[in-house]
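Undergrad: Got a structure for you, questions after.
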Amino acid sequence: MLVVSVIRKNIDQYSLGLQKRGFKEPMALLNRVIEADELRKSLQAALDEQLNKLNLSSKKIGILMQAGKQDEARQIKLETANIKEESKLLTEKLQMVEKEVRDQLYQIPNIPNEQVAFGVSEADNELIHEGGVLPVLDEKSKPHWDLIADYNLVDFNLGNKISGAGFPFYKNQGARMVRAMINYFLDQAIASGYQEIQPPIIVNEDSAYATGQLPDKEGQMYHLSDTNLYLIPTAEVPLTNIYRDVILKDQDFPVKMVGYTPCFRREAGSWGAHVRGLNRLHQFDKVEIVQIAKPEESYEILQGMIAHIQQLIESLELPYRILRLCGKDLGFSSAITYDFEVFSAGQNKWLEVSSVSNFETYQSNRLKLRYTTEEGKKLLAHTLNGSALAVPRILAAILENNQSSTGIKMPKVLHPYLGFDFISK
RNA sequence: GGAGGGGUGGCCGAGUGGUUGAAGGCGCACGCUUGGAAAGCGUGUAUACCUUUACGGGUAUCGGGGGUUCGAAUCCCUUCCUCUCCGCCA
(Lines give C-alpha, C1' and ligand atoms only; values in the text may rest on other atoms or scores of the structure.)
Protein backbone atom coordinates (compact mmCIF):
# COMPACT_ATOMS: atom_id res chain seq x y z
CA MET A 1 0.00 0.00 0.00
CA LEU A 2 1.31 3.43 -0.89
CA VAL A 3 1.70 6.25 1.64
CA VAL A 4 -0.49 9.29 0.93
CA SER A 5 2.07 11.84 2.07
CA VAL A 6 4.60 10.30 -0.31
CA ILE A 7 2.11 10.29 -3.17
CA ARG A 8 1.58 14.01 -2.59
CA LYS A 9 5.29 14.72 -2.75
CA ASN A 10 5.98 12.62 -5.84
CA ILE A 11 2.76 12.92 -7.77
CA ASP A 12 4.31 13.46 -11.20
CA GLN A 13 6.71 10.57 -10.87
CA TYR A 14 3.97 8.33 -9.50
CA SER A 15 1.64 9.25 -12.30
CA LEU A 16 4.27 8.25 -14.82
CA GLY A 17 4.84 5.00 -12.99
CA LEU A 18 1.17 4.10 -13.19
CA GLN A 19 1.18 4.86 -16.90
CA LYS A 20 3.80 2.16 -17.26
CA ARG A 21 1.26 -0.22 -15.85
CA GLY A 22 -1.26 0.89 -18.43
CA PHE A 23 -3.33 3.27 -16.31
CA LYS A 24 -5.16 5.72 -18.53
CA GLU A 25 -5.67 8.60 -16.11
CA PRO A 26 -3.38 8.00 -13.17
CA MET A 27 -3.29 11.66 -12.15
CA ALA A 28 -7.01 11.71 -11.44
CA LEU A 29 -6.71 8.54 -9.38
CA LEU A 30 -3.87 9.95 -7.31
CA ASN A 31 -5.55 13.30 -6.81
CA ARG A 32 -8.69 11.58 -5.60
CA VAL A 33 -6.81 9.85 -2.78
CA ILE A 34 -5.06 13.06 -1.83
CA GLU A 35 -8.37 14.89 -1.64
CA ALA A 36 -9.98 12.15 0.39
CA ASP A 37 -7.01 12.29 2.72
CA GLU A 38 -7.33 16.08 3.08
CA LEU A 39 -10.93 15.58 4.10
CA ARG A 40 -9.84 12.90 6.53
CA LYS A 41 -7.38 15.29 8.13
CA SER A 42 -9.86 18.10 8.56
CA LEU A 43 -12.43 15.76 10.08
CA GLN A 44 -9.79 14.40 12.40
CA ALA A 45 -8.87 17.90 13.50
CA ALA A 46 -12.50 18.82 14.13
CA LEU A 47 -13.08 15.64 16.10
CA ASP A 48 -9.94 16.16 18.17
CA GLU A 49 -11.19 19.60 19.08
CA GLN A 50 -14.50 18.24 20.33
CA LEU A 51 -12.79 15.48 22.28
CA ASN A 52 -10.50 18.03 23.83
CA LYS A 53 -13.49 20.05 25.05
CA LEU A 54 -15.01 16.92 26.49
CA ASN A 55 -11.80 15.96 28.27
CA LEU A 56 -11.52 19.43 29.80
CA SER A 57 -15.10 19.31 31.04
CA SER A 58 -14.58 15.89 32.54
CA LYS A 59 -11.56 17.07 34.42
CA LYS A 60 -13.46 20.05 35.77
CA ILE A 61 -16.28 17.82 36.91
CA GLY A 62 -13.84 15.56 38.65
CA ILE A 63 -12.33 18.45 40.57
CA LEU A 64 -15.73 19.86 41.50
CA MET A 65 -16.99 16.49 42.69
CA GLN A 66 -13.99 16.07 44.93
CA ALA A 67 -14.58 19.53 46.36
CA GLY A 68 -18.17 18.55 47.03
CA LYS A 69 -19.64 21.10 44.62
CA GLN A 70 -22.28 18.80 43.18
CA ASP A 71 -24.45 21.53 41.70
CA GLU A 72 -21.71 23.15 39.66
CA ALA A 73 -20.69 19.73 38.41
CA ARG A 74 -24.22 18.94 37.31
CA GLN A 75 -24.29 22.24 35.40
CA ILE A 76 -21.20 21.33 33.36
CA LYS A 77 -22.51 17.83 32.78
CA LEU A 78 -25.48 19.29 30.94
CA GLU A 79 -23.17 21.19 28.61
CA THR A 80 -21.38 18.04 27.53
CA ALA A 81 -24.43 16.56 25.81
CA ASN A 82 -23.94 18.76 22.74
CA ILE A 83 -20.27 18.00 22.51
CA LYS A 84 -20.92 14.29 22.69
CA GLU A 85 -23.53 14.49 19.97
CA GLU A 86 -21.18 16.47 17.76
CA SER A 87 -18.23 14.12 18.27
CA LYS A 88 -20.39 11.11 17.55
CA LEU A 89 -21.35 12.58 14.18
CA LEU A 90 -17.76 13.47 13.38
CA THR A 91 -16.58 10.00 14.34
CA GLU A 92 -19.03 8.38 11.95
CA LYS A 93 -18.01 10.69 9.11
CA LEU A 94 -14.35 10.16 9.84
CA GLN A 95 -14.69 6.40 9.78
CA MET A 96 -16.39 6.57 6.41
CA VAL A 97 -13.70 8.78 4.95
CA GLU A 98 -10.93 6.65 6.44
CA LYS A 99 -12.44 3.62 4.79
CA GLU A 100 -12.66 5.47 1.52
CA VAL A 101 -8.99 6.46 1.66
CA ARG A 102 -8.04 2.89 2.47
CA ASP A 103 -10.19 1.42 -0.30
CA GLN A 104 -8.69 3.82 -2.80
CA LEU A 105 -5.17 2.98 -1.70
CA TYR A 106 -5.91 -0.72 -2.07
CA GLN A 107 -6.69 -0.07 -5.72
CA ILE A 108 -3.37 1.58 -6.50
CA PRO A 109 -0.55 -0.85 -7.27
CA ASN A 110 3.08 -0.25 -6.45
CA ILE A 111 4.99 2.29 -8.53
CA PRO A 112 7.40 0.53 -10.90
CA ASN A 113 11.09 1.18 -10.51
CA GLU A 114 12.61 3.44 -13.18
CA GLN A 115 14.29 0.43 -14.84
CA VAL A 116 10.91 -1.11 -15.58
CA ALA A 117 9.84 -0.70 -19.20
CA PHE A 118 6.53 0.49 -20.57
CA GLY A 119 4.60 -2.34 -22.13
CA VAL A 120 1.24 -3.54 -23.26
CA SER A 121 1.72 -7.29 -22.90
CA GLU A 122 4.18 -9.94 -21.76
CA ALA A 123 5.84 -9.61 -25.16
CA ASP A 124 7.34 -6.35 -23.84
CA ASN A 125 9.24 -8.04 -21.04
CA GLU A 126 12.94 -7.40 -21.46
CA LEU A 127 15.37 -10.24 -21.99
CA ILE A 128 18.22 -9.60 -19.55
CA HIS A 129 20.28 -12.74 -19.81
CA GLU A 130 20.35 -16.17 -21.43
CA GLY A 131 22.34 -19.14 -20.21
CA GLY A 132 22.84 -22.84 -20.78
CA VAL A 133 22.57 -24.82 -23.95
CA LEU A 134 19.31 -25.74 -25.64
CA PRO A 135 19.23 -29.52 -25.90
CA VAL A 136 18.93 -31.21 -29.28
CA LEU A 137 16.38 -33.98 -29.02
CA ASP A 138 15.37 -36.50 -31.63
CA GLU A 139 11.84 -36.46 -32.92
CA LYS A 140 10.78 -39.26 -30.60
CA SER A 141 11.24 -36.97 -27.57
CA LYS A 142 8.26 -36.57 -25.32
CA PRO A 143 6.66 -34.03 -23.00
CA HIS A 144 7.08 -34.80 -19.31
CA TRP A 145 3.54 -36.09 -18.84
CA ASP A 146 4.37 -38.97 -21.16
CA LEU A 147 7.76 -39.59 -19.57
CA ILE A 148 6.14 -39.59 -16.15
CA ALA A 149 3.77 -42.31 -17.29
CA ASP A 150 6.54 -44.32 -19.00
CA TYR A 151 8.69 -44.41 -15.88
CA ASN A 152 5.89 -44.34 -13.29
CA LEU A 153 7.05 -41.17 -11.58
CA VAL A 154 3.84 -39.22 -10.99
CA ASP A 155 0.25 -40.42 -10.80
CA PHE A 156 -2.31 -37.82 -11.84
CA ASN A 157 -5.26 -40.23 -11.87
CA LEU A 158 -4.68 -41.09 -8.27
CA GLY A 159 -4.62 -37.37 -7.53
CA ASN A 160 -7.98 -36.96 -9.22
CA LYS A 161 -9.42 -39.76 -7.15
CA ILE A 162 -8.11 -38.67 -3.77
CA SER A 163 -8.17 -34.88 -4.08
CA GLY A 164 -8.92 -33.54 -7.53
CA ALA A 165 -7.16 -32.27 -10.61
CA GLY A 166 -3.95 -30.44 -9.82
CA PHE A 167 -3.04 -32.61 -6.85
CA PRO A 168 -0.58 -35.17 -8.20
CA PHE A 169 0.89 -38.15 -6.39
CA TYR A 170 4.65 -38.38 -6.86
CA LYS A 171 5.88 -41.94 -6.79
CA ASN A 172 9.09 -43.94 -6.79
CA GLN A 173 11.97 -42.00 -8.32
CA GLY A 174 9.60 -39.09 -8.95
CA ALA A 175 8.95 -38.72 -5.22
CA ARG A 176 12.65 -39.10 -4.61
CA MET A 177 13.40 -36.28 -7.04
CA VAL A 178 11.01 -33.93 -5.26
CA ARG A 179 12.61 -34.64 -1.91
CA ALA A 180 16.11 -34.34 -3.34
CA MET A 181 15.42 -30.97 -4.93
CA ILE A 182 13.88 -29.53 -1.78
CA ASN A 183 16.93 -30.57 0.22
CA TYR A 184 19.37 -29.37 -2.40
CA PHE A 185 17.66 -25.99 -2.75
CA LEU A 186 17.56 -25.51 1.02
CA ASP A 187 21.21 -26.48 1.43
CA GLN A 188 22.28 -24.06 -1.28
CA ALA A 189 20.37 -21.21 0.34
CA ILE A 190 21.84 -22.02 3.75
CA ALA A 191 25.29 -21.97 2.15
CA SER A 192 24.47 -18.46 0.89
CA GLY A 193 23.72 -17.31 4.42
CA TYR A 194 19.96 -17.70 4.55
CA GLN A 195 18.39 -18.82 7.81
CA GLU A 196 16.23 -21.88 7.36
CA ILE A 197 12.70 -21.57 8.67
CA GLN A 198 9.92 -24.12 8.56
CA PRO A 199 6.77 -21.99 8.84
CA PRO A 200 3.10 -22.90 9.20
CA ILE A 201 1.30 -23.33 5.91
CA ILE A 202 -1.98 -22.00 7.26
CA VAL A 203 -2.21 -18.33 8.11
CA ASN A 204 -4.79 -15.94 9.52
CA GLU A 205 -6.54 -13.07 7.83
CA ASP A 206 -4.21 -10.40 9.21
CA SER A 207 -1.23 -12.11 7.61
CA ALA A 208 -2.94 -12.46 4.26
CA TYR A 209 -3.77 -8.75 4.32
CA ALA A 210 -0.30 -7.71 5.34
CA THR A 211 1.47 -9.31 2.38
CA GLY A 212 -1.26 -8.22 -0.03
CA GLN A 213 -3.10 -11.46 -0.89
CA LEU A 214 -6.20 -9.84 0.58
CA PRO A 215 -8.41 -8.01 -0.10
CA ASP A 216 -8.38 -8.49 -3.87
CA LYS A 217 -6.68 -11.82 -4.45
CA GLU A 218 -8.82 -14.02 -2.24
CA GLY A 219 -9.65 -16.08 -5.34
CA GLN A 220 -6.07 -17.27 -5.36
CA MET A 221 -6.16 -18.84 -1.92
CA TYR A 222 -7.93 -21.78 -0.33
CA HIS A 223 -10.01 -20.55 2.57
CA LEU A 224 -10.85 -22.58 5.67
CA SER A 225 -14.19 -21.01 6.42
CA ASP A 226 -14.84 -22.63 9.79
CA THR A 227 -11.76 -21.02 11.32
CA ASN A 228 -11.27 -18.15 8.86
CA LEU A 229 -7.77 -19.25 7.97
CA TYR A 230 -6.03 -19.51 4.58
CA LEU A 231 -3.72 -22.05 2.99
CA ILE A 232 -0.60 -20.20 1.89
CA PRO A 233 -0.03 -19.64 -1.84
CA THR A 234 3.69 -19.17 -1.11
CA ALA A 235 6.07 -19.24 1.87
CA GLU A 236 6.43 -15.49 1.34
CA VAL A 237 3.27 -15.03 3.42
CA PRO A 238 4.33 -16.62 6.72
CA LEU A 239 8.00 -15.66 6.32
CA THR A 240 7.43 -11.97 5.61
CA ASN A 241 4.76 -11.77 8.30
CA ILE A 242 7.32 -12.74 10.91
CA TYR A 243 8.28 -9.09 10.67
CA ARG A 244 4.78 -7.63 10.85
CA ASP A 245 4.70 -4.84 13.50
CA VAL A 246 8.43 -5.08 14.02
CA ILE A 247 11.00 -2.30 14.30
CA LEU A 248 14.42 -3.60 13.31
CA LYS A 249 17.65 -2.34 14.80
CA ASP A 250 20.95 -2.03 12.99
CA GLN A 251 22.30 -5.28 14.39
CA ASP A 252 19.27 -7.22 13.15
CA PHE A 253 20.44 -6.90 9.54
CA PRO A 254 20.84 -8.72 7.26
CA VAL A 255 17.51 -10.52 7.43
CA LYS A 256 17.79 -13.51 5.09
CA MET A 257 15.29 -16.33 5.37
CA VAL A 258 14.69 -19.46 3.39
CA GLY A 259 11.74 -21.77 3.77
CA TYR A 260 10.40 -24.83 2.08
CA THR A 261 6.61 -25.17 2.03
CA PRO A 262 3.94 -26.73 -0.08
CA CYS A 263 2.04 -23.94 -1.85
CA PHE A 264 -1.66 -23.97 -2.55
CA ARG A 265 -3.30 -22.10 -5.39
CA ARG A 266 -6.88 -22.25 -6.49
CA GLU A 267 -5.98 -20.94 -9.95
CA ALA A 268 -9.65 -20.38 -10.55
CA GLY A 269 -10.62 -20.29 -14.21
CA SER A 270 -7.20 -21.04 -15.64
CA TRP A 271 -7.57 -24.70 -16.49
CA GLY A 272 -7.03 -26.19 -19.94
CA ALA A 273 -4.74 -28.03 -22.27
CA HIS A 274 -1.88 -25.51 -21.94
CA VAL A 275 -1.46 -26.38 -18.30
CA ARG A 276 -1.04 -30.12 -18.66
CA GLY A 277 1.10 -32.26 -16.45
CA LEU A 278 3.16 -30.46 -13.85
CA ASN A 279 2.96 -27.05 -15.52
CA ARG A 280 0.33 -25.69 -13.17
CA LEU A 281 -0.94 -27.31 -9.99
CA HIS A 282 -3.17 -26.61 -7.02
CA GLN A 283 -0.51 -27.92 -4.68
CA PHE A 284 3.21 -27.75 -5.36
CA ASP A 285 6.50 -27.54 -3.50
CA LYS A 286 8.64 -24.47 -3.47
CA VAL A 287 11.69 -23.16 -1.67
CA GLU A 288 11.40 -19.43 -1.15
CA ILE A 289 14.03 -16.87 -0.18
CA VAL A 290 13.00 -13.67 1.59
CA GLN A 291 15.06 -10.66 2.60
CA ILE A 292 14.35 -7.47 4.46
CA ALA A 293 16.59 -4.56 3.65
CA LYS A 294 17.31 -0.92 4.26
CA PRO A 295 16.16 1.09 1.24
CA GLU A 296 19.68 2.12 0.24
CA GLU A 297 20.78 -1.52 0.11
CA SER A 298 17.76 -3.27 -1.34
CA TYR A 299 18.73 -3.14 -5.03
CA GLU A 300 22.16 -4.56 -4.34
CA ILE A 301 20.47 -7.29 -2.33
CA LEU A 302 18.10 -7.95 -5.20
CA GLN A 303 21.12 -8.52 -7.44
CA GLY A 304 22.45 -11.00 -4.91
CA MET A 305 19.19 -12.90 -4.95
CA ILE A 306 19.21 -12.98 -8.73
CA ALA A 307 22.77 -14.34 -8.68
CA HIS A 308 21.77 -17.03 -6.20
CA ILE A 309 18.88 -18.24 -8.33
CA GLN A 310 20.97 -18.09 -11.48
CA GLN A 311 23.65 -20.28 -9.93
CA LEU A 312 21.03 -22.74 -8.78
CA ILE A 313 19.59 -23.12 -12.27
CA GLU A 314 23.01 -23.33 -13.87
CA SER A 315 24.03 -26.04 -11.43
CA LEU A 316 21.06 -28.08 -12.62
CA GLU A 317 22.40 -27.73 -16.18
CA LEU A 318 19.18 -26.26 -17.50
CA PRO A 319 18.91 -23.73 -20.33
CA TYR A 320 17.34 -20.58 -18.96
CA ARG A 321 16.66 -16.93 -19.52
CA ILE A 322 16.07 -13.98 -17.22
CA LEU A 323 13.37 -11.45 -18.03
CA ARG A 324 12.65 -8.10 -16.48
CA LEU A 325 8.91 -7.73 -16.43
CA CYS A 326 7.41 -4.70 -18.11
CA GLY A 327 4.91 -2.46 -16.35
CA LYS A 328 1.91 -4.29 -17.68
CA ASP A 329 3.11 -7.72 -16.52
CA LEU A 330 4.42 -6.56 -13.15
CA GLY A 331 2.69 -7.94 -10.07
CA PHE A 332 0.44 -5.58 -8.11
CA SER A 333 2.73 -5.11 -5.09
CA SER A 334 6.05 -5.27 -6.88
CA ALA A 335 8.32 -2.38 -7.88
CA ILE A 336 10.49 -4.58 -10.02
CA THR A 337 10.39 -8.27 -10.90
CA TYR A 338 12.78 -10.60 -12.67
CA ASP A 339 11.36 -13.88 -13.97
CA PHE A 340 13.52 -16.92 -14.53
CA GLU A 341 12.36 -19.26 -17.24
CA VAL A 342 13.73 -22.67 -18.01
CA PHE A 343 13.44 -24.19 -21.46
CA SER A 344 11.61 -27.47 -21.42
CA ALA A 345 12.46 -29.20 -24.68
CA GLY A 346 9.79 -31.89 -24.71
CA GLN A 347 7.07 -29.23 -24.81
CA ASN A 348 9.29 -26.79 -26.67
CA LYS A 349 8.29 -24.19 -24.12
CA TRP A 350 9.74 -21.76 -21.56
CA LEU A 351 8.53 -22.46 -18.03
CA GLU A 352 8.63 -19.84 -15.29
CA VAL A 353 10.48 -21.38 -12.38
CA SER A 354 11.29 -18.33 -10.30
CA SER A 355 10.13 -14.80 -9.82
CA VAL A 356 12.21 -12.44 -7.74
CA SER A 357 10.90 -9.06 -6.69
CA ASN A 358 11.67 -5.95 -4.72
CA PHE A 359 8.49 -4.60 -3.14
CA GLU A 360 10.28 -1.57 -1.73
CA THR A 361 7.97 -0.18 0.98
CA TYR A 362 4.70 -1.33 -0.56
CA GLN A 363 4.43 -4.42 1.64
CA SER A 364 6.19 -3.00 4.67
CA ASN A 365 3.67 -0.17 4.89
CA ARG A 366 0.91 -2.68 5.45
CA LEU A 367 3.14 -4.89 7.57
CA LYS A 368 4.23 -1.89 9.65
CA LEU A 369 7.74 -3.19 9.21
CA ARG A 370 10.26 -0.51 10.06
CA TYR A 371 13.86 -0.04 11.06
CA THR A 372 15.67 2.57 13.12
CA THR A 373 18.20 4.76 11.33
CA GLU A 374 21.41 5.99 12.90
CA GLU A 375 19.68 9.28 13.68
CA GLY A 376 16.96 7.35 15.47
CA LYS A 377 14.32 7.85 12.78
CA LYS A 378 11.90 5.04 12.11
CA LEU A 379 11.47 4.32 8.41
CA LEU A 380 9.73 1.61 6.40
CA ALA A 381 12.07 -1.20 5.35
CA HIS A 382 12.15 -2.82 1.93
CA THR A 383 10.95 -6.39 1.44
CA LEU A 384 12.20 -8.77 -1.25
CA ASN A 385 11.53 -12.35 -2.15
CA GLY A 386 12.13 -14.93 -4.82
CA SER A 387 11.55 -18.57 -5.61
CA ALA A 388 14.63 -20.72 -5.27
CA LEU A 389 13.03 -22.73 -6.77
CA ALA A 390 9.59 -24.09 -7.70
CA VAL A 391 9.92 -27.86 -7.78
CA PRO A 392 7.42 -29.29 -10.33
CA ARG A 393 8.50 -27.25 -13.32
CA ILE A 394 12.16 -27.94 -12.64
CA LEU A 395 11.24 -31.59 -12.42
CA ALA A 396 9.45 -31.35 -15.76
CA ALA A 397 12.38 -29.60 -17.42
CA ILE A 398 14.92 -32.10 -16.11
CA LEU A 399 12.84 -34.99 -17.41
CA GLU A 400 12.25 -33.47 -20.81
CA ASN A 401 15.71 -32.08 -21.49
CA ASN A 402 17.64 -35.12 -20.30
CA GLN A 403 15.62 -37.83 -21.96
CA SER A 404 17.05 -40.34 -24.37
CA SER A 405 15.96 -43.68 -25.80
CA THR A 406 17.52 -45.47 -22.83
CA GLY A 407 16.20 -43.31 -20.00
CA ILE A 408 16.63 -39.99 -18.19
CA LYS A 409 19.89 -38.61 -16.92
CA MET A 410 19.92 -36.76 -13.58
CA PRO A 411 21.91 -33.55 -13.01
CA LYS A 412 25.19 -34.19 -11.17
CA VAL A 413 24.44 -31.93 -8.23
CA LEU A 414 21.40 -34.01 -7.33
CA HIS A 415 23.14 -37.38 -7.34
CA PRO A 416 24.08 -37.37 -3.67
CA TYR A 417 20.55 -36.31 -2.78
CA LEU A 418 18.89 -38.85 -5.08
CA GLY A 419 20.91 -41.96 -4.54
CA PHE A 420 20.69 -42.67 -8.28
CA ASP A 421 21.90 -40.91 -11.43
CA PHE A 422 19.70 -42.34 -14.12
CA ILE A 423 16.07 -43.31 -14.54
CA SER A 424 15.40 -46.27 -16.76
CA LYS A 425 12.75 -48.93 -17.16
C1' G B 1 -13.49 -30.78 24.82
C1' G B 2 -14.41 -29.48 30.57
C1' A B 3 -12.91 -26.18 35.02
C1' G B 4 -10.30 -22.18 36.66
C1' G B 5 -6.14 -17.98 36.49
C1' G B 6 -4.08 -14.18 33.49
C1' G B 7 -3.05 -10.42 29.29
C1' U B 8 -0.46 -2.95 31.65
C1' G B 9 5.49 0.83 28.48
C1' G B 10 12.12 -2.52 25.98
C1' C B 11 11.56 -5.91 30.50
C1' C B 12 9.58 -6.80 35.64
C1' G B 13 5.57 -4.88 38.20
C1' A B 14 1.67 -1.42 40.89
C1' G B 15 -2.88 0.33 39.91
C1' U B 16 -10.72 -1.63 40.65
C1' G B 17 -14.29 5.04 38.15
C1' G B 18 -11.60 11.31 38.40
C1' U B 19 -5.61 16.26 36.90
C1' U B 20 -3.00 8.02 35.34
C1' G B 21 0.26 8.01 29.32
C1' A B 22 0.05 5.30 33.58
C1' A B 23 3.68 4.60 40.71
C1' G B 24 8.11 1.75 41.71
C1' G B 25 12.14 -1.13 39.87
C1' C B 26 15.41 -2.98 35.95
C1' G B 27 17.51 -1.72 31.42
C1' C B 28 19.18 2.19 28.19
C1' A B 29 21.19 7.45 27.07
C1' C B 30 23.50 11.84 28.76
C1' G B 31 25.78 14.63 32.77
C1' C B 32 28.21 14.93 37.68
C1' U B 33 31.51 12.09 40.66
C1' U B 34 36.46 8.86 39.89
C1' G B 35 43.39 8.00 38.40
C1' G B 36 39.99 4.41 35.88
C1' A B 37 35.79 1.42 36.77
C1' A B 38 31.79 0.04 39.97
C1' A B 39 28.60 2.19 43.34
C1' G B 40 26.21 6.83 44.10
C1' C B 41 23.64 11.35 42.52
C1' G B 42 20.92 14.16 38.70
C1' U B 43 18.25 14.42 34.06
C1' G B 44 15.93 11.97 30.25
C1' U B 45 13.83 7.51 28.09
C1' A B 46 6.51 4.55 24.10
C1' U B 47 3.84 4.65 19.34
C1' A B 48 0.70 6.80 15.61
C1' C B 49 -1.91 10.90 13.60
C1' C B 50 -2.98 16.26 13.49
C1' U B 51 -1.02 21.19 14.43
C1' U B 52 3.37 24.67 14.98
C1' U B 53 9.19 28.13 11.40
C1' A B 54 10.54 26.58 16.24
C1' C B 55 9.52 25.90 21.56
C1' G B 56 5.26 23.61 22.11
C1' G B 57 0.09 22.03 21.80
C1' G B 58 -4.01 18.44 20.67
C1' U B 59 -6.14 13.39 19.94
C1' A B 60 -5.86 8.17 20.34
C1' U B 61 -3.55 3.81 22.41
C1' C B 62 -3.06 -0.56 29.29
C1' G B 63 -4.41 -7.91 23.83
C1' G B 64 -8.61 -6.64 19.69
C1' G B 65 -13.71 -4.85 18.94
C1' G B 66 -18.21 -2.85 21.11
C1' G B 67 -20.99 -0.71 25.37
C1' U B 68 -22.19 2.05 30.24
C1' U B 69 -20.55 7.07 32.16
C1' C B 70 -19.47 14.02 32.24
C1' G B 71 -15.08 10.77 32.88
C1' A B 72 -12.76 3.68 31.97
C1' A B 73 -6.35 0.34 32.60
C1' U B 74 -10.31 -0.02 36.36
C1' C B 75 -17.52 -1.75 35.30
C1' C B 76 -20.43 -4.74 31.30
C1' C B 77 -20.60 -7.61 26.53
C1' U B 78 -17.80 -10.01 22.77
C1' U B 79 -13.41 -11.96 20.56
C1' C B 80 -8.25 -13.50 20.36
C1' C B 81 -4.06 -15.15 22.99
C1' U B 82 -1.80 -17.39 27.24
C1' C B 83 -1.03 -20.33 31.91
C1' U B 84 -2.65 -24.45 35.40
C1' C B 85 -5.57 -28.94 36.21
C1' C B 86 -8.60 -32.86 33.84
C1' G B 87 -9.82 -35.40 29.20
C1' C B 88 -8.02 -36.79 24.30
C1' C B 89 -3.85 -37.55 21.15
C1' A B 90 0.83 -37.99 16.47
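The values are calculated or read from the model by the stated rules, or taken from the named source; none is laboratory data. Source: prediction; values computed, not measured. All Cβ positions, even for glycine, are placed from backbone atoms using ideal geometry, and neighbour counts span all protein chains on display. Quick note on the areas: whole protein, heavy atoms, side chains included, nothing else; ligands and nucleic acids left out. Shrake-Rupley method; radii C 1.70, N 1.55, O 1.52, S 1.80 Å.
Undergrad: Just tell me, in residue order, which DSSP H segments of chain A are both 27 angstrom or longer along the helix axis (alpha-carbon based) and at least 0.0 in mean Kyte-Doolittle hydropathy.
TA: Result, helices passing both filters: A:172-191.
Undergrad: Please compute the Kirkwood hydrodynamic radius over chain A, one decimal place, Å, based on all pairs of different Cα atoms.
TA: For chain A, the Kirkwood estimate is 24.5 Å.
Undergrad: Still on this structure, I have one more. Taking 56 Å as R0, compute the FRET efficiency from the Cβ-Cβ separation of A:Lys249 and A:Asn348 and round it to 0.05.
TA: Approximately 0.60, to the nearest 0.05.
Undergrad: Now for a separate question. Just to confirm a number: summing +1 for Lys and Arg and -1 for Asp and Glu over residues other than A:Tyr260 whose beta-carbon lies under 10 angstrom from that of A:Tyr260, what do you get?
TA: Net charge in that neighbourhood comes out at -2.
Undergrad: Hey, another quick one. Given Cα positions, please report Rg to Rh for the stretch A:247-322, the hydrodynamic radius being the Kirkwood one.
TA: 1.08
Undergrad: Shifting gears a bit: When only Cα pairs under 8 Å and 6 or more residues apart are kept, what is the percent relative contact order across chain A?
TA: 20
Undergrad: Using the Karplus curve 6.51 cos²θ - 1.76 cosθ + 1.60 with θ = phi - 60°, work out ³J(HN,Hα) for each residue of the stretch A:249-260 in order, rounded to whole Hz, and write x for Gly and Pro.
TA: My calculation for the stretch A:249-260 gives 9, 3, 6, 7, 8, x, 9, 10, 10, 10, x, 9 Hz in order.
Undergrad: Can you pull the Kirkwood radius for the stretch A:4-106, inverse mean 1/r over Cα pairs, to one decimal in Å?
TA: Hydrodynamic radius (Kirkwood, Cα only) of the stretch A:4-106 equals 16.5 Å.
Undergrad: As a test question: what accessible area, to the nearest 10 Å², does A:Glu130 have when a 1.4 Å probe is rolled over all protein chains in place?
TA: 120
Undergrad: Placing +1 at every Lys and Arg Cβ and -1 at every Asp and Glu Cβ, with all other atoms neutral, what dipole size does the stretch A:4-106 have around its Cα centre, in debye to the nearest 20?
TA: With Lys and Arg at +1 and Asp and Glu at -1, about 260 debye.
Undergrad: Another question about this same structure. Can you pick out the pairs among A:Lys59/A:Lys84; A:Lys249/A:Lys377; A:Lys249/A:Lys294; A:Lys249/A:Lys286 whose Cα atoms lie more than 19 Å from each other?
TA: Beyond 19 Å between Cα atoms: A:Lys249/A:Lys286.
Undergrad: With springs connecting C-alpha atoms under 10 Å apart, model chain A as a Gaussian network and identify which of A:Asn183, A:Asn52, A:Asn385 has the largest mean-square fluctuation.
TA: A:Asn52
Undergrad: From Cα pairs below 8 angstrom and at least 6 apart in sequence, can you work out the relative contact order of the stretch A:4-106, rounded to a whole percent?
TA: 32
Undergrad: Quick check: convex hull over the Cα atoms of the stretch A:14-55, volume per residue in Å³, rounded to an integer?
TA: Convex hull volume per residue, Cα atoms: 54 Å³.
Undergrad: In addition: Taking the Cβ of A:Leu105 as the centre, find all other residues whose Cβ is under 10 Å away and add up their charges (Lys, Arg: +1; Asp, Glu: -1).
TA: So the surrounding residues net to -1.
Undergrad: Multiplying the sequence separation of A:Ser315 and A:Lys161 by 0.36 nm and subtracting their Cα-Cα distance, what value in nm do you get?
TA: Stretched fully, the A:Ser315-A:Lys161 segment lengthens by 51.8 nm.
Undergrad: How would A:Glu86, A:Glu126 rank on accessible area, largest to smallest, probe 1.4 Å?
TA: Result of the area sort, largest leading: A:Glu86, A:Glu126.
Undergrad: Taking the convex hull of the Cα atoms, report for the stretch A:285-425 its projected area averaged over all directions, in nm².
TA: Approximately 10.5 nm², given one-decimal rounding.
Undergrad: Across the stretch A:419-425, in residue order, what do the Karplus-derived ³J(HN,Hα) couplings come to in whole Hz, using 6.51 cos²θ - 1.76 cosθ + 1.60 with θ = phi - 60° and x for Gly and Pro?
TA: Couplings: x, 8, 10, 8, 10, 9, 6 Hz.
Undergrad: Okay, moving on. To the nearest 10 square angstrom, how much accessible area does A:Met1 have with a 1.4 angstrom probe?
TA: Its accessible surface works out to 30 Å², give or take rounding.
Undergrad: Something else about it: Taking all pairs of different Cα atoms in the stretch A:96-204, averaging 1/r and flipping that mean, what Kirkwood radius in angstroms comes out?
TA: Value: 20.1 Å, from the Cα pair sum.
Undergrad: Reachable lysines from A:Lys409, Cα under 19 Å, same-chain residues fewer than 8 places away excluded?
TA: A:Lys409 reaches A:Lys140, A:Lys142, A:Lys171, A:Lys425.
Undergrad: Connecting C-alpha atoms closer than 10 Å in a GNM of chain A, tell me which of A:Glu25, A:Glu400, A:Glu236 has the biggest fluctuation.
TA: A:Glu25
Undergrad: Let me ask something else about it. Please give the per residue accessible area of the stretch A:4-106, computed with a probe of 1.4 Å over protein heavy atoms only, in Å².
TA: Heavy-atom accessible area per residue stands at 67 Å².
Undergrad: Would you mind calculating the relative contact order of the stretch A:284-425 from Cα pairs under 8 angstrom and at least 6 residues apart, reporting the percent as a whole number?
TA: Relative contact order here is 29 percent.
Undergrad: Could you work out [θ]222 nm for chain A from helices alone, using -39500 (n - 2.57) per DSSP H run of at least four and dividing by all its residues? Round to the nearest 500 deg cm²/dmol.
TA: -13500 deg cm²/dmol
Undergrad: Counting only Cα, what are the radius of gyration and maximum Cα-Cα distance Dmax of the stretch A:334-408, in Å?
TA: Computed over the Cα atoms of the stretch A:334-408, radius of gyration and Dmax are 19.4, 66 Å.
Undergrad: So how do A:148-154, A:116-122, A:354-360, A:57-63 stack up, highest first, on mean other-Cβ count within 10 Å?
TA: Averaged packing, sorted descending, gives the order A:354-360, A:148-154, A:116-122, A:57-63.
Undergrad: Using a 1.4 angstrom probe, figure out how much accessible area the stretch A:123-270 has per residue, in square angstrom, rounded to the nearest whole.
TA: The answer is 51 Å² per residue.
Undergrad: Another question, if that's okay. Can you give the accessible area of A:Asp155 in Å² (nearest 10), computed on protein heavy atoms with a 1.4 Å probe?
TA: 30
Undergrad: When the accessible area of chain A is split by element with a 1.4 Å probe, what percent falls to carbon and sulfur?
TA: Carbon-and-sulfur percentage of accessible area, whole number: 49.
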